[in-house]
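Below you'll find the structure, written out as structure tokens, and then a few comments.
The values are calculated or read from the model by the stated rules, or taken from the named source; none is laboratory data. In this text, all values refer to a predicted model and were calculated from it rather than measured experimentally. In this analysis, Cβ positions are derived from the backbone assuming ideal geometry, glycine residues included, and neighbour counts consider all displayed protein chains. Keep in mind that these areas ignore ligands, DNA and RNA; they rest on the heavy atoms of the full protein, side chains included. Shrake-Rupley method; radii C 1.70, N 1.55, O 1.52, S 1.80 Å.
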Amino acid sequence: MTKYYDLDSGETDRDLDIDYEERLNPQQLEVVRAGGGPKLVIAGAGSGKTHTLTHRVARLVDEGVPPEHILLLTFTNKAARSMTDRVSSLLGVEIEDIWSGTFHGIGNQFLRREADRLGYETDYTILDVEDTKTLMKNCRGEADVETTDQNFPKAKVLGNIHSYCINTQSRIEEVLEEQYEHFVGRADEIRRVFRLYQSRKVEMNVMDFDDLLLNWKQLLRDHDEVRQTYSERFEHVLVDEYHDTNHIQSEIVDMLADRHGNLTVVGDDCQSIYAFRGADYRNILEFPDRYEDCETHKLEINYRSTPEILRLANLSIRHNDHQFQKTLRADRPPGMKPAFVKLRNRDQQAEFVCTRILELIDEGWDFEDIAILYRSHHHSMELQVEMTRREIPYVVRSGLRFFEKAHIKDVLAHLRFVFNPRDELSFMRVAELGHGIGTKRSDKIWMYLASQPDPLQALRDQGLIESLPGRAEGSWRQIAERLVLVREGRMEPPGDLIEAVLDHGYADHLRSSYDNPEDRIEDLRQLADYAGQFPDLDRFLGEIALLTDVSGEGVRVGDDDRDDFVCLSSVHQSKGLEWPAVFVLSLSE
């Protein structure tokens, strides 16, 4: 018997005829059908920008643009994969040749081909966060700068200063004056560390995360043949979340599109929230000035919120000085009006929010339906305390729970050791804050103190101090003075003791060790305010111990068997997420 086999060639007859009119609203359709040249798409929140961008890519391929001639730049790999998958679904064939990915990912693809032009081998390795910190630490030690005091940034802070300089294309002095004023006088020494750091990377054939952008830009700027090759290759360049680009990313995009000008950027100036990472909303505001023949399109139909919420949003941004004017319109039917609740203080705010959450649960809502948003972590402290008291399960998306943060634990360790001088764990945490005092040295100090009748009295023992090497000696003197100061004020309100720790060296430690010291200092000021409710240290530490295990690992608050929690999140962390019920804390701040 003869057998016949029908083998699939891998090709698909594509006779789908995408019905764009059916899939898109008129504003989206206008964007998708727009011709070549520079296009600015102002996409309001919830207006379907990803849906629109996906269909524009599909139309380009549908009309004959080879997928490999399209470059799609996004801000997450997940978004890039999602878009290419949607395009494949629309077209009925697998589209794998589109260059799509994050700026850093695409930059890496460029540099793997061309890095030898910059003095690198193309098999360079990419430093992760810890490797970057280690190399910066080594350069800090080799650069012949004075680092024994707390007026010179540690490796992590140096890395953040360096990264911000790169991403904003700013001079060191400018960044220090703007964000690290306490290091202004050390600009030349910091520059010396950075120069050594740059040369070491080339010697080691490694790049850090920021180099993927900086070196990509340098390739396009300094090598005409490279810029021409890739500008000719990519007939269309599309950029998502353009409002979150920094100066380097904007320049890269401009150079890639300089031959044909077929550049589509999608974003919303009112959603630019990453200035602290170097993003500059002026990139999107000034786009029409850089491209005089630019077409501007607006997506103003919102599919996410009710008319009442959108009206509030429109009114709140109506008087912004710098913006593209737009008015979001709701596709959803009317709903409840947003409630503005005036409260006396944060304690009453916490009580109200918890009461309302429990009412919502009684009305049939689930905990996972509810989110609480705030601008800074410390705004949620009283709320976390109150939710714990009322046994309302919650999870913190914006980082560690308040009492699990390192700086909160540090200060509480000072108070706990003064309250109980036999508390070895608290002592070790405080001691290891000092320069040159690691686990072994702090253990030796503890062994001596523990052998004394009064460990607190022995803190300033001259024999102990003289047994320490130079850098450790200076650090220990400051730590000992701080602990003695707290001991002498032990009968004062606990809030005053927290302020004393902060004002006598610990704030300087935060400034030299972290990239967001003022936020941490504000956390501690907030903790001091909270501690002011208690008449003495005993009551305060007892309350903290009942609320949370401040020396343990972070856990979600609630039954371990639960899978529904109220979500606590900063506004930044909540970007792109949705909940049926949302509270916004401390709105006046």
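Ile273 versus (1) closer than 19 Å to Phe75 by Cα; (2) surrounded by 20 or more Cβ atoms within 10 Å (Cβ to Cβ); (3) among the β-branched types (Val, Ile, Thr): which is the lone unmet condition?
(2)
Read through the list (1) at pLDDT 85 or above; (2) assigned to a helix (DSSP H, G or I), then give the number of the only condition that Glu492 fails.
Going through the list (1) at pLDDT 85 or above; (2) assigned to a helix (DSSP H, G or I), Glu492 breaks only (2).
Find all pairs meeting these conditions: Cβ atoms under 9 angstrom apart; at least six residues apart or on different chains; first residue within the range 128-140 and without any contact (Cβ under 8 Å) to a residue 60 or more places away in the chain and farther than 18 Å from Leu212 by Cβ; second residue assigned to a helix (DSSP H, G or I) and open to solvent by 80 Å² or more (accessible area, probe 1.4 Å).
Listed by first residue and then by second, the contacts come to Lys137/Lys156.
Any residue at all in the range 311-323 that's within 19 Å of Ala371 (Cβ to Cβ), open to solvent by 70 Å² or more (accessible area, probe 1.4 Å), part of a loop (DSSP other than H, G, I, E, B) and modelled with pLDDT of 90 or more?
Among the residues of the range 311-323, not one is within 19 Å of Ala371 (Cβ to Cβ), open to solvent by 70 Å² or more (accessible area, probe 1.4 Å), part of a loop (DSSP other than H, G, I, E, B) and modelled with pLDDT of 90 or more, which makes the answer no.
I'm told Phe352 meets every condition in (1) aromatic (Phe, Trp, Tyr); (2) in a helix (DSSP H, G or I); (3) closer than 30 Å to Lys298 by Cβ except one. Can you identify the failing condition by its number?
(3)
Looking only at the range 438-455, count how many residues are open to solvent by 10 Å² or more (accessible area, probe 1.4 Å) and in contact with a Lys or Arg (Cβ under 9 Å, 6 or more places away or on another chain).
1
Could you go through the range 99-118 and let me know if any residue there is in a loop (DSSP other than H, G, I, E, B) and more than 29 Å from the chain's Cα centre (by Cα).
First pass over the range 99-118, keeping only residues in a loop (DSSP other than H, G, I, E, B): none.
No - not one qualifying residue is present in the range 99-118.
Go through the range 467-522 and give me each residue that's more than 36 Å from the chain's Cα centre (by Cα), within 21 Å of Glu543 (Cα to Cα) and open to solvent by 60 Å² or more (accessible area, probe 1.4 Å).
Arg487, Arg490, Met491, Glu492
Being in contact (Cβ under 8 Å) with a residue 24 or more places away in the chain and either among the polar types (S, T, N, Q) or more than 30 Å from Arg233 (Cα to Cα) (or both) is the filter here, so list the residues in the range 270-298 that pass it.
Cys270, Gln271, Ser272, Ile273, Tyr274, Arg277, Asn283, Thr296
Tally the residues that are open to solvent by less than 20 Å² (accessible area, probe 1.4 Å), at pLDDT 90 or above and closer than 20 Å to Gly35 by Cα, restricting the search to the range 66-107.
So the answer is 4.
Table: residues versus (1) more than 28 Å from the chain's Cα centre (by Cα); (2) aliphatic (A, V, I, L, M); (3) open to solvent by 20 Å² or more (accessible area, probe 1.4 Å).
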site	(1), (2), (3)
Asn151	no, no, yes
Ala155	no, yes, no
His162	no, no, no
Gln169	no, no, yes
Glu174	no, no, yes
Glu181	no, no, yes
Val184	no, yes, yes
Arg195	no, no, yes
Leu214	no, yes, yes
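Counting only residues that are basic (Lys, Arg) and open to solvent by less than 80 Å² (accessible area, probe 1.4 Å), which one in the range 324-362 is nearest to the chain's Cα centre (by Cα)?
That would be Arg346.
Enumerate the pairs (first residue in the range 35-64 and acidic (Asp, Glu); second residue anywhere and open to solvent by 10 Å² or more (accessible area, probe 1.4 Å)) with beta-carbon separation below 7 Å, excluding pairs fewer than 6 apart on the same chain, so at least 6 apart or on different chains.
That search, which allows pairs on different chains as well, returns Asp62/Ile18.
Which residue, of Val253, Val202, is surrounded by fewer than 20 Cβ atoms within 10 Å (Cβ to Cβ), part of a helix (DSSP H, G or I) and among the aliphatic types (A, V, I, L, M)? Break it down stepwise before answering.
On the way: Val253 fails: surrounded by fewer than 20 Cβ atoms within 10 Å (Cβ to Cβ).
When all the criteria are applied, what remains is Val202.
Contact list please: Cβ distance under 6 Å, first residue in the range 198-223 and over 21 Å from Thr168 (Cα atoms) and in contact (Cβ under 8 Å) with a residue 24 or more places away in the chain, second residue assigned to a helix (DSSP H, G or I) and open to solvent by 40 Å² or more (accessible area, probe 1.4 Å), pairs at least six apart or on different chains.
From residues that are over 21 Å from Thr168 (Cα atoms) and in contact (Cβ under 8 Å) with a residue 24 or more places away in the chain, the pairs are His223/Arg117.
Might you check whether a residue that is open to solvent by 20 Å² or more (accessible area, probe 1.4 Å), of a type in the set (Ser, Thr, Tyr), over 30 Å from the mean Cα position of the chain (by Cα) and modelled with pLDDT under 85 occurs anywhere in the range 11-28?
yes
Just wondering, is there one or more residues in the range 422-431 that are part of a loop (DSSP other than H, G, I, E, B), over 23 Å from His509 (Cα atoms) and more than 26 Å from the chain's Cα centre (by Cα)?
Looking only at the range 422-431, we keep the residues that are part of a loop (DSSP other than H, G, I, E, B), and these are 422-423.
Right, trim to over 23 Å from His509 (Cα atoms) and you get 422.
Subset that is more than 26 Å from the chain's Cα centre (by Cα): 422.
Yes.
So which residues in the range 278-300 are outside any loop (DSSP other than H, G, I, E, B) and out of contact with any strand residue (DSSP E or B) (no Cβ under 6 Å at 6 or more places or on another chain), if there are any at all?
Once the filter is applied, which keeps residues that are outside any loop (DSSP other than H, G, I, E, B) and out of contact with any strand residue (DSSP E or B) (no Cβ under 6 Å at 6 or more places or on another chain), the range 278-300 yields Arg282, Asn283, Leu285, Pro288, Asp289, Arg290.
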